[in-house]
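Asks: The structure that follows is given in the form of structure tokens.
What follows draws every value from the coordinates through simple rules; no lab data is involved. Everything numeric in this text was worked out from a predicted model, so none of it was measured. Reconstructed Cβ throughout: ideal geometry from the backbone, glycine too, with neighbour counts over all protein chains shown.
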Amino acid sequence: MTILEWIFIGGIATTILLIIFAIYSLLRMIAYSQNLKKLPSKRIKNPKKHKKFAIRRRRLQKARKGALIRFITLVIMSGIMAGGSFYVKYYQSMNLTGTDSDSIVKAYYLLRDFNDQVELAKTQGDDQDKINQNIQYLSRSMASYGTKKASEVNTKEGQLALNRYYKAIMELGQNANMKYKNFFEDPALSEEYIASIKKIEQNYEQPVFKYYKVDEATLKEEK
């Protein structure tokens, strides 16, 4: 589990404990109130008994007040803790996990590198065997995205966007891997795949970047 998941679980566990203590304080406050009601309401003529009941009354009132303060404090603390825990859960669901982040970054560069090699094949700008080898390697790397699945800590919408992106990368890689030797001699095939790359970038990559606020400018600088 991630650190944020541990924080969420710890926060929920702490919230439950605080609620239990708050309920206990409430029950103690009720018990003190009931004991106060049992004390004589009329003034007792016997000075010793009057003093004894007066002392007991003050103690019960003080104890009841303390229980009330503890109850209010614990309720506030449990509310803050619960709110913080669910914010952590929300933050986690709206941000990429480390695994998904790495997968997206790798996919971003795979697509661009694959596009560069297809462009070279179209213009026959390098050695044929080298281009074929590079296209095959990149194709297989993209095809491996068939084993990837978005983390379930993401929102349903985020998972859907990521899984669609991974599937598009995988299908592109699988198809290209079957034709990697044909790119060099078939400019039309290269054009077809360049168009497919653009489609993936626009229809699958950009929605993921937008949803998770990925800074594409930073990725371009690091390329």
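Asks: Would you kindly work out the equivalent ellipsoid of the chain from its C-alpha gyration tensor and give its semi-axes, the square roots of five times the eigenvalues, largest first in whole Å?
Replies: That gives 73, 12, 11 Å for the three semi-axes.
Asks: Also: Could you count how many Lys pairs in the range 3-93 have their Cα atoms under 29 Å apart, skipping same-chain pairs fewer than 8 positions apart?
Replies: 27
Asks: Would you be so kind as to identify which of I55, A82, I23 lies farthest towards the positive end of the dipole of the range 3-93, taking Lys and Arg as +1 and Asp and Glu as -1 on Cβ and the Cα centre as origin?
Replies: With unit charges placed on the Cβ atoms, the residue in question is I55.
Asks: Continuing with this model, one more query. Apply the Karplus curve 6.51 cos²θ - 1.76 cosθ + 1.60, θ = phi - 60°, to the phi angles in the range 171-186 and return the couplings in whole Hz, x for Gly and Pro.
Replies: Coupling constants for the range 171-186: 5, 4, x, 4, 5, 5, 5, 7, 10, 4, 7, 8, 5, 4, 9, 9 Hz.
Asks: Moving on. What FRET efficiency, computed as 1/(1 + (r/R0)^6) with R0 = 30 Å and r the Cβ-Cβ distance, is obtained for E192 and T155, rounded to the nearest 0.05?
Replies: Computed FRET efficiency for E192 and T155: 0.30.
Asks: Between K210 and L17, what FRET efficiency follows from the Cβ-Cβ distance if R0 is 35 Å, with the result rounded to 0.05? Display every interim value, and only then the final one.
Replies: Working: r = 40 Å, r/R0 = 1.15.
The computed FRET efficiency comes out at 0.30.
Asks: Please check which bits of the range 168-186 a label hung off D129 would reach, taking the label as a point 7 Å along Cα-to-C-beta and the cut-off as backbone N under 17 Å.
Replies: Only 181-182, 184-185 pass the distance filter.
Asks: Same structure again: Place a +1 charge on the Cβ of each Lys and Arg in the chain and a -1 charge on the Cβ of each Asp and Glu, then give the dipole magnitude about the Cα centre in debye, rounded to the nearest 20.
Replies: Here the chain has a charge dipole of around 5400 debye.
Asks: Another question, if that's okay. If R₀ is 35 angstrom, what is the calculated FRET efficiency for the pair M178 and D102, using the beta carbon separation as r and rounding to 0.05?
Replies: Given R0 = 35 Å and the Cβ-Cβ separation, E is 0.85.
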